[in-house]
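Data first, discussion second: the structure below is written as structure tokens.
Bear in mind that the values in this text are calculations on the coordinates, not laboratory data. Note that the structure is a prediction, hence the values are computed from the model and not measured. Methodologically, a virtual Cβ is constructed for each residue, glycine included, from the backbone with ideal geometry; neighbour enumeration extends over all protein chains shown.
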Amino acid sequence: MITLVGMVSALAQAPNPAQTPATATPPEPQRLPFYKEIRKTVVFLELVCKSGTAFKDIKGTGFFVWYPDKRLGDGGGFTYLVTNRHVAMCWDDETRIPLEVKSISARVNTRDGSSLVVPLNTSGNVPWIVPTDESVDLALLPLLPEGKKVDYLAIPLEIFASDDVVKNRDISEGTRIVFTGFFYQFPGVQRMQPIIREGVLAMMPDEQMITTTGKRGTLYLGDVHIFHGNSGSPVFVNLGGIQGNRISGDQYFFLGVVSGMFTEKEEFQLEIATTVRGETEANSGIATIVPANALTNLLEDPRVQGQRDVDVANWKQSK
């Protein structure tokens, strides 16, 4: 079974995350049950945004990924924080127009058994990198936590369910999936408490759909219940089962990122005031998932690669 990768860093946090080279050499991770591992990949994001004269609190999920780079030596690479575009840019729900971000912070668990709220930027937004394809609801930030203090794991590129993995491993409707993310009813007091939820792949459309950005793009649909704060949660697919003449057990790959859900609407009319009409919205239980391949494309975007080139050059110069 392929495991997640543990990360360490001797770097302290910098005021501007984009100026911190997100490089480190991962040690051999201590094996944990998979469900405990994936809970360590996520952070809780909280933004304070301004809409006109009103302030709005936005909560979402982010997670760490690991992109290897052999130029840094064996096991070297870069760490990134990933979430949805609509979370990172603090979109207005109806207009999909970014609001003014006044502050943004990430809550992480620490190795001493507590948690820590880390301001990513106390004034304005941070320099997220978003896909040039406007249909893709993703955002990326180079960010390396202080590994001696922060209790976290990163999802390595090697377990991404690429298009080839999807095809060769017969990932299809009915395949079991699991995600972990923010639970707004109980986020945790002493420590951040990510929730685990399971379901199945409901549809892998061979046609483009309207995504959470309002553009046509590629999505997976999951029969898994999501709610407020789950945006940006990592989704994994379980490829365990019978292979050939043997039972392989559980084997997980990173499938994609929760971006939204479908609602069920029902018209209503209030008898007390018959002029008041509207619609109630219920959660259909169908979530939209941005495929892992879209995140790979963003990690290999020339803008992101250009930052890695600069960091590698600076690293070599400092040796």
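Which of the lysines could a cross-linker bridge to residue 149, judged by Cα under 23 Å and excluding same-chain residues fewer than eight apart? Filter leaves 36, 40.
Take the alpha carbon atoms of the range 194-219, find their center, do the same for the range 88-105, and report the distance between the two centers in whole angstrom. Value for the Cα centre distance between the two parts: 22 Å.
The length gained on full extension between residue 70 and residue 93, counted as 0.36 nm times the residue separation minus their Cα-Cα distance, comes to 4.1 nm.
Cross-link partners for residue 102 among the lysines, with Cα-Cα distance under 19 Å and sequence neighbours closer than 8 places in the same chain left out: 50, 56, 59. As a proxy for reagent exposure, ranking 203, 192 by other Cβ atoms within 10 Å from fewest up yields 203, 192.
Quick one: which of 73-84, 47-58 comes out on top by average Cβ neighbours within 10 Å, and what's the full order, highest first? The partial results should precede the final answer.
Values: 73-84: 21.0, 47-58: 13.6.
Highest-to-lowest ranking by the protection proxy: 73-84, 47-58.
I want the local charge near residue 48. Using Cβ-Cβ distances under 13 Å, sum +1 for each Lys or Arg and -1 for each Asp or Glu among the other residues.
Cβ neighbours under 13 Å give a net charge of +1.
Among 181-188, 154-161, 204-211, sorting by the average number of other beta carbon atoms lying within 10 angstrom of each residue, highest first, gives 154-161, 181-188, 204-211. Each Lys or Arg adds one and each Asp or Glu subtracts one; over the other residues with Cβ under 15 Å from the Cβ of residue 103, this totals +2. For the range 95-158, a/c is not less than 1.5, where a ≥ b ≥ c are the root eigenvalues of the C-alpha gyration tensor, and a/b does not top b/c. That puts it in the oblate class.
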